[in-house]
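The values are calculated or read from the model by the stated rules, or taken from the named source; none is laboratory data. Bear in mind the structure is a predicted one, so any value in this text is a computation, not a measurement. All Cβ positions, glycine included, derive from the backbone under ideal geometry; neighbour counts span all protein chains shown.
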Ligand code: HEM
């Protein structure tokens, strides 16, 4: 009952109040007053919820916390330095548990090691309904959501926010399918030249092409069918405020399947482990554990090369004839090359959307003297990644360990390897589909 009431309130009342406050049609305190009158007193103690219910509650509470935090910080001089003040006087239930403590207890109740603030998991994965990834008639991955109501909760009730959350979850679902195919290859004794291993690598490459296409299609839509950049910068991103100084706000950078893929395939960035560990508070316990395990292992291209007797260190000096000889001796190298190239191209497409929706419009604002938002800067991502850093990451993925094979594998061969390589179980060439479960 409480969950239903919360669902209705967060689904309708919260976006209405947020929009009215942002338009100056209501005073900034209208949200806190509504929460104090209509929501907080009726909240049961967190231990009254099952872990699954607690996850749904946390999605609702996350939207509430982000909204309360944003309005306070945006309208109070110096508010950014004192984020905790936003929640003062906001207490839950008969025991009057302060909002942050209530949120923390609910987060613990989910049993997932969730941070004591909103997160990628609550905003995207739990919020958006279950997504399936299919290749023809084969079901490759299912990424569950916590609601099966066909709705996506947002800050301001706009289609753009819904479409953005759905896009990110679809991306994560494709990445999950990729990782599910590749992870078994990390087992000791894998035969990298076996039919099964090659088929996994080829299917993973096809999926990464589909991920790239997802980015390209979103970017090609008219703003009213994707999300206007101004809305992304001025409305949506401004809810990703700190709840305590130094905490990790929600970001696509916390998409755990993308992080896992980087460790499976390797990325030549100094200190990449440290960079990822810095984001750990924003992840869930099983995600942190999976990443630690992958960090401790050699990458798949390293394992593949060692098992096939390929000297990766010698590749940069190999001439075209030598590369061709190597490829005819170990044809699976062309499949691995195609996979790493598809990974790099997907990263390139992501870089393009980040520029289109954020970095370029902000550069235009800077050139016009408009400047930046005071609350959440549009000159970098919410966890602090700059355009230069995203470019560096994309370059590092392009300069993968098999990149020297470029001299022997034409782009055409790589694409044919991918296009010709994937069949569903019935043997038909199959399209990738990424669909919500209705
Ligand atoms: C319009 C769509 C998108 C825009 C504008 C966008 C923008 C950004 C920005 C600005 C960053 C830096 C974040 C930070 O500092 O925390 C970032 C990072 C990241 N985003 Fe996105 N993003 C979009 C879609 C997606 C989708 C669909 C996915 C998941 C498939 C995703 C996954 C990531 C990842 C993994 C990172 C970390 C950087 C990297 O590994 O290259 N993003 N994105």
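Results for (1) surrounded by 15 or more Cβ atoms within 10 Å (Cβ to Cβ); (2) in a helix (DSSP H, G or I), shown as yes or no for each residue.
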| site | (1), (2) |
| --- | --- |
| 4 | no, yes |
| 24 | no, no |
| 65 | yes, yes |
| 72 | yes, yes |
| 85 | no, yes |
| 95 | no, no |
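Of everything in segment 257-271, what is in contact with a helix residue (DSSP H, G or I) (Cβ under 9 Å, 6 or more places away or on another chain), at pLDDT below 95 and either more than 24 Å from residue 207 (Cβ to Cβ) or more than 13 Å from the ligand (Cβ to nearest atom) (or both)? Give them in sequence order.
268
Any idea which of 183, 161, 172 is surrounded by fewer than 18 Cβ atoms within 10 Å (Cβ to Cβ) and over 15 Å from residue 57 (Cβ atoms)?
183
Please go through segment 29-43 and pick out each residue that is surrounded by 15 or more Cβ atoms within 10 Å (Cβ to Cβ) and not in a helix (DSSP H, G or I).
43 - this is the single residue of segment 29-43 that is surrounded by 15 or more Cβ atoms within 10 Å (Cβ to Cβ) and not in a helix (DSSP H, G or I).
Filter segment 294-313 for residues that are in contact with a helix residue (DSSP H, G or I) (Cβ under 9 Å, 6 or more places away or on another chain) and part of a helix (DSSP H, G or I) and give the result.
Across segment 294-313, the qualifying residues are 294, 295, 300, 301, 302, 303, 304, 305, 306, 308, 312.
Look at residue 177 and say whether it is within 11 Å of the ligand (Cβ to nearest atom) and in contact (Cβ under 8 Å) with a residue 40 or more places away in the chain.
Against the criterion (within 11 Å of the ligand (Cβ to nearest atom) and in contact (Cβ under 8 Å) with a residue 40 or more places away in the chain), residue 177 does not qualify.
Taking segment 314-330, which residues are more than 18 Å from residue 302 (Cα to Cα) and either in contact (Cβ under 8 Å) with a residue 24 or more places away in the chain or not in a helix (DSSP H, G or I) (or both)?
Matches in segment 314-330: 319, 320, 324.
Being within 16 Å of the ligand (Cβ to nearest atom), buried (at least 17 other Cβ atoms within 10 Å of the Cβ) and part of a strand (DSSP E or B): is that true of residue 140 here?
Judged against the criteria, residue 140 is a match.
Which residues, counting only those in segment 376-394, are crowded, with 19+ Cβ neighbours inside 10 Å and more than 10 Å from the ligand (Cβ to nearest atom)?
376
Name the residues in segment 206-225 that are away from the ligand (no atom under 12 Å from the Cβ), more than 13 Å from residue 431 (Cα to Cα) and surrounded by 13 or more Cβ atoms within 10 Å (Cβ to Cβ), would you?
Across segment 206-225, there are no qualifying residues.
Here is a list: 278, 274. Which entry is under 17 Å from the mean Cα position of the chain (by Cα), within 16 Å of the ligand (Cβ to nearest atom), within 27 Å of residue 121 (Cβ to Cβ) and surrounded by fewer than 15 Cβ atoms within 10 Å (Cβ to Cβ)?
Of the residues listed, the single one that is under 17 Å from the mean Cα position of the chain (by Cα), within 16 Å of the ligand (Cβ to nearest atom), within 27 Å of residue 121 (Cβ to Cβ) and surrounded by fewer than 15 Cβ atoms within 10 Å (Cβ to Cβ) is 278.
If you take the residues in segment 358-375 that are part of a loop (DSSP other than H, G, I, E, B) and more than 22 Å from residue 120 (Cβ to Cβ), which one is farthest from the ligand (Cβ to nearest atom)?
369
Hey, among 163, 134, 125, which residue is within 13 Å of the ligand (Cβ to nearest atom), under 28 Å from residue 206 (Cβ atoms) and not assigned by TED's automatic domain parsing to the domain that holds residue 231?
Just a single option satisfies the conditions, and that option is 125.
Going residue by residue through segment 408-415, is there one that turns out to be touching a residue at least 60 places away in the same chain (Cβ under 8 Å), away from the ligand (no atom under 14 Å from the Cβ), over 23 Å from the mean Cα position of the chain (by Cα) and assigned to a loop (DSSP other than H, G, I, E, B)?
The answer is yes, given that some residue of segment 408-415 is touching a residue at least 60 places away in the same chain (Cβ under 8 Å), away from the ligand (no atom under 14 Å from the Cβ), over 23 Å from the mean Cα position of the chain (by Cα) and assigned to a loop (DSSP other than H, G, I, E, B).
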